[in-house]
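The values are calculated or read from the model by the stated rules, or taken from the named source; none is laboratory data. Just so we're clear, the structure is a prediction, and the values are computed from it rather than from any experiment. Here the Cβ positions follow ideal geometry from the backbone for every residue, glycine too, while neighbour counts run over all protein chains shown. SASA here: full protein model, heavy atoms, side chains in, ligands and nucleic acids out. Shrake-Rupley method; radii C 1.70, N 1.55, O 1.52, S 1.80 Å.
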Amino acid sequence: MEVKLVNFQQHGDERGHLVAVEEGKEIPFTIKRVYYIYDTAKNVRRGYHAHKSLHQVLFCVNGACTIHLDDGEECKEVRLDKPYEGLYIDNLTWREMYDFTDGAVLMVLASELYNEDDYIRNYQEFIDYVREVRK
Ligand code: TYD
């Protein structure tokens with residue numbers, strides 16, 4: 001599965017911490033879009049989709065949440081609970097996000113502008129699609 005959890009450098013001193021994220025360095029794609037998810041209740045599970053070509057890096061910049069990942073062959077759960085950790089997710093990975101703590105903010109850097117045509121929102125369609133692509 002093409003997912004990677006990367007520790008970003010923290011620039012910390014007595015004033016607090018700062019993390020810098022630069023395109024072409026830690027982020028292996030052009031950052032065309034940034035979006036963030038907040039005010040998600042603890043009992044909510046969201047996502048339930050994969051992308052045909054979009055690549056993303058997820059940061060839980062406040063609080064914590066869990067990401068369920070599935071590439072059609074294996075599944076993984078990754079707890080994002082550090083603001084300096086980035087989770088790289090490539091295309092054709094089904095994702096669900098859950099177990100958000102109070103105040104959790106999930107920030108996502110994306111390689112493309114929003115395009116609903118790039119989404120696969122039906123799990124069986126996702127499985128059929130990856131099987132076809134990987135033939
Ligand atoms: P949705 O895809 O349902 O969120 P999740 O990541 O939990 O699956 O997106 C929620 C709404 O936001 C939906 O109406 C589409 C819209 N949206 C945008 O307009 N731009 C974006 O970049 C994203 C990610 C979503």
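To keep it simple, each residue is scored yes or no on (1) modelled with pLDDT under 95; (2) within 15 Å of the ligand (Cβ to nearest atom); (3) not in a helix (DSSP H, G or I).
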position: Leu69; (1), (2), (3): no, yes, yes
position: Glu77; (1), (2), (3): no, no, yes
position: Lys82; (1), (2), (3): no, no, yes
position: Phe100; (1), (2), (3): no, yes, yes
position: Gly103; (1), (2), (3): no, no, yes
position: Val108; (1), (2), (3): no, yes, yes
position: Leu113; (1), (2), (3): no, yes, yes
position: Asp117; (1), (2), (3): no, yes, no
position: Tyr129; (1), (2), (3): no, no, no
The one condition Arg79 fails out of (1) in contact with a Ser or Thr (Cβ under 9 Å, 6 or more places away or on another chain); (2) open to solvent by 50 Å² or more (accessible area, probe 1.4 Å); (3) closer than 23 Å to Phe126 by Cα is (3)
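Okay, residues lined up against (1) more than 18 Å from Phe126 (Cα to Cα); (2) within 14 Å of the ligand (Cβ to nearest atom); (3) surrounded by fewer than 13 Cβ atoms within 10 Å (Cβ to Cβ):
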| site | (1), (2), (3) |
| --- | --- |
| Val19 | yes, no, no |
| Glu26 | yes, no, no |
| Tyr35 | yes, yes, yes |
| Thr40 | yes, yes, no |
| Asn43 | yes, no, yes |
| Gly47 | no, yes, no |
| Leu54 | no, yes, no |
| Leu58 | yes, yes, no |
The strands (runs of 3 or more DSSP E) lying wholly within segment 1-62 that contain at least 3 residues that are in contact with a helix residue (DSSP H, G or I) (Cβ under 9 Å, 6 or more places away or on another chain) are 46-51
(Q) Going by what's in this entry, would Arg95 be described as of a type in the set (Lys, Arg), at pLDDT 95 or above and open to solvent by less than 50 Å² (accessible area, probe 1.4 Å)? (A) yes
Gly86 passes all but one of the listed conditions (1) away from the ligand (no atom under 16 Å from the Cβ); (2) outside any strand (DSSP E or B); the exception is number (2)
Here the residues within segment 1-10 that are open to solvent by 90 Å² or more (accessible area, probe 1.4 Å) and more than 16 Å from the chain's Cα centre (by Cα) are Gln9
Note on segment 79-92: residues within 10 Å of the chain's Cα centre (by Cα) and not small (Gly, Ala, Ser) are Leu80, Leu87, Tyr88, Ile89, Asp90
Pairs returned, first residue in segment 25-41 that is under 28 Å from Asp99 (Cα atoms) and modelled with pLDDT under 95, second residue that is small (Gly, Ala, Ser) and surrounded by 13 or more Cβ atoms within 10 Å (Cβ to Cβ), beta-carbon separation under 7 angstrom, 6 or more apart or interchain, are Glu26/Gly86
